[in-house]
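Read through the structure below, which is laid out as structure tokens, and then see the notes.
The values are calculated or read from the model by the stated rules, or taken from the named source; none is laboratory data. Predicted, not measured: the structure shown is a model, and the values here were computed from it. Don't worry about glycine lacking a Cβ; one is built from the backbone with ideal geometry, like all the others, and counts go over all protein chains shown. These accessible areas exclude ligands, DNA and RNA; they are computed on the full protein's heavy atoms, side chains included. Shrake-Rupley method; radii C 1.70, N 1.55, O 1.52, S 1.80 Å.
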Amino acid sequence: MSVATWEAPANIAFVKYWGARNLEEAIPRHPSISMTLSSCVSRTTVECLAGAGADEVWLLSEGGGAERPGGTFEGRVLDHLERLRRHAGRRERLRVLTRNSFPAAAGMASSASGFAALTLAALDALGVETTPAELSELARRSGSGSAARSVLGGYVEWPAGDLESCHAEALARAEHWDLRDVVASIQDGPKEVSSLEGHRRAPTSPHYARRLELVEGRLREVRGAIEERSLERLGPVLEEDALELHLVAMSSRPPILYWAPATLAVLARVRGLREEGVVAWYTMDAGANVHVICPPEDEPRVARELAAVSGVRDVIRDGVGPGPRRLEEPLPGPVPGESG
Ligand code: PMV
């Protein structure tokens, strides 16, 4: 019997993945660049089960409970297990236990960290040796494309690639530049329109073609800013790219509006903080939450100020991290009789 446990972090994109050339295979229309986080992680144990039967997926909660997630999420995990088993040329059924370090209600996207941890743990349990490029390819094919970036630490670029080769690559290690991400958690529970659906609708926006023209220049700026460790150079591009993602989403058919009133209040507060001399720049994924990128010395003030904005439910303090790691201790399994 073989078992392996891995931890993989979430990541926050500076230039966002939005729209795919091939959505099933998560081949993006354009490259993206992200920073891998440190504290917001998924931990996953995969165990090979002896004998026949079915794969099992258990979602563990902080309180120690375990439940079968069901629905689309469980379906995507089962599909991915089948894909990884095929890659490994193996037939064993697998039991998956998974837990996020951040509360589900915080509205943080957990699919990148979750599918990165699942890919790492399943391949390890199945005894498959993989290169970082293969790992990233396989994580990408989970359907959560941004998982391709979460298998690497520090600053990561995911080129647009093609069906033959499309995997993320390291740009710089975490030690290169200590940046923080203070997340204003606004949204409670899952977003109404998934990022998968957002990618599908992106080309229906009249602004999408222009985004594709602009993104190359932005990628160059972000690479340069990372190399120079210049937040003054990174910040404006970060905000421009996030706003453009939402512009595309809002003008897609049918339109998608991810923002809540508190989202705008946080954006205004970040602008105000800059006028007061604080170095802080915002970005947003496909949701109402706002990620504020800042240097370590400004993090405490940013966290205090965001917590005071009306409508902010919680503030999560995170920062750049070194990427996934293998854990020696497996997660505690479900006790017999727990909800199936
Ligand atoms: O990996 P997906 O399919 O959940 O898409 C990620 C989309 C964004 O989070 C909005 C942008 C990104 O590059 O992470």
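Among the residues of the range 163-177, are any open to solvent by less than 30 Å² (accessible area, probe 1.4 Å) and touching a His at 6+ places or on another chain (Cβ under 9 Å)? No, the range 163-177 has no match at all. Taken together, 183, 248 contain a single residue that is modelled with pLDDT of 95 or more, over 17 Å from the mean Cα position of the chain (by Cα) and either within 16 Å of the ligand (Cβ to nearest atom) or of a type in the set (D, E, K, R) (or both), which is 248.
Test residue 218 against the stated conditions and say whether it is in contact (Cβ under 8 Å) with a residue 12 or more places away in the chain and either open to solvent by less than 70 Å² (accessible area, probe 1.4 Å) or outside any helix (DSSP H, G or I) (or both). The answer is yes for residue 218.
To keep it simple, each residue is scored yes or no on (1) of a type in the set (Gly, Ala, Ser); (2) free of Cβ contacts under 8 Å to residues at least 40 places away in the same chain.
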position: 240; (1), (2): no, yes
position: 246; (1), (2): no, yes
position: 262; (1), (2): yes, no
position: 266; (1), (2): no, no
position: 294; (1), (2): no, no
position: 305; (1), (2): no, yes
position: 309; (1), (2): no, no
position: 316; (1), (2): no, no
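Does residue 216 qualify as being among the acidic types (Asp, Glu), more than 22 Å from the chain's Cα centre (by Cα) and more than 15 Å from the ligand (Cβ to nearest atom)? In short, no. Taking the conditions exactly as written (away from the ligand (no atom under 15 Å from the Cβ), open to solvent by 10 Å² or more (accessible area, probe 1.4 Å) and either on the phi > 0 side of the Ramachandran plot or among the aliphatic types (A, V, I, L, M) (or both)), does residue 89 satisfy them or not? Judged against the criteria, residue 89 is a match.
Considering the range 153-165, and only residues there that are within 14 Å of the ligand (Cβ to nearest atom) and not charged (D, E, K, R), the residue that is farthest from residue 38 (Cα to Cα) turns out to be 160. Here the condition is being in a loop (DSSP other than H, G, I, E, B), out of contact with any Asp or Glu (no Cβ under 7 Å at 6 or more places or on another chain) and within 21 Å of residue 35 (Cβ to Cβ); of 241, 188, 178, it holds for 178 alone. The set of residues in the range 244-288 being assigned to a helix (DSSP H, G or I), of a type in the set (Asp, Glu) and under 24 Å from residue 223 (Cα atoms) consists of 244 alone.
Inspect all residues belonging to the range 9-18 and state whether any of them is more than 14 Å from the ligand (Cβ to nearest atom), open to solvent by less than 30 Å² (accessible area, probe 1.4 Å), of a type outside the set (Phe, Trp, Tyr) and closer than 23 Å to residue 136 by Cα. Within the range 9-18, none of the residues are more than 14 Å from the ligand (Cβ to nearest atom), open to solvent by less than 30 Å² (accessible area, probe 1.4 Å), of a type outside the set (Phe, Trp, Tyr) and closer than 23 Å to residue 136 by Cα. Could you tell me whether residue 211 is open to solvent by 80 Å² or more (accessible area, probe 1.4 Å), farther than 21 Å from residue 179 by Cβ and either among the charged types (D, E, K, R) or part of a helix (DSSP H, G or I) (or both)? Answer is no for this residue.
Give me the residue from the range 19-42 that is over 21 Å from residue 103 (Cα atoms) and of a type in the set (A, V, I, L, M, F, W, C) and, out of that set, nearest to the ligand (Cβ to nearest atom). Ranking the qualifying residues of the range 19-42, first place goes to 26. Residues in the range 57-83 that are free of Cβ contacts under 8 Å to residues at least 60 places away in the same chain and over 24 Å from residue 194 (Cα atoms) were compared, and the one that is least open to solvent (accessible area, probe 1.4 Å) is 63. Checking 197, 169 one by one, the residue that is farther than 27 Å from residue 258 by Cβ, over 14 Å from the mean Cα position of the chain (by Cα) and not aliphatic (A, V, I, L, M) is 169 and no other.
One line per residue, one yes/no per condition, for (1) touching a strand residue (DSSP E or B) at 6+ places or on another chain (Cβ under 7 Å); (2) more than 25 Å from residue 187 (Cβ to Cβ); (3) not polar (S, T, N, Q):
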{"site": "218", "(1), (2), (3)": "yes, yes, yes"}
{"site": "221", "(1), (2), (3)": "no, yes, yes"}
{"site": "246", "(1), (2), (3)": "no, no, yes"}
{"site": "290", "(1), (2), (3)": "yes, no, yes"}
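Within the option set 171, 120, 84, being out of contact with any strand residue (DSSP E or B) (no Cβ under 7 Å at 6 or more places or on another chain), of a type in the set (A, V, I, L, M, F, W, C), more than 14 Å from the ligand (Cβ to nearest atom) and at pLDDT 95 or above holds for one residue only, 84.
Suppose the filter is within 14 Å of the ligand (Cβ to nearest atom), open to solvent by less than 60 Å² (accessible area, probe 1.4 Å) and part of a helix (DSSP H, G or I); does residue 225 pass it? So residue 225 does not fit the description; no.
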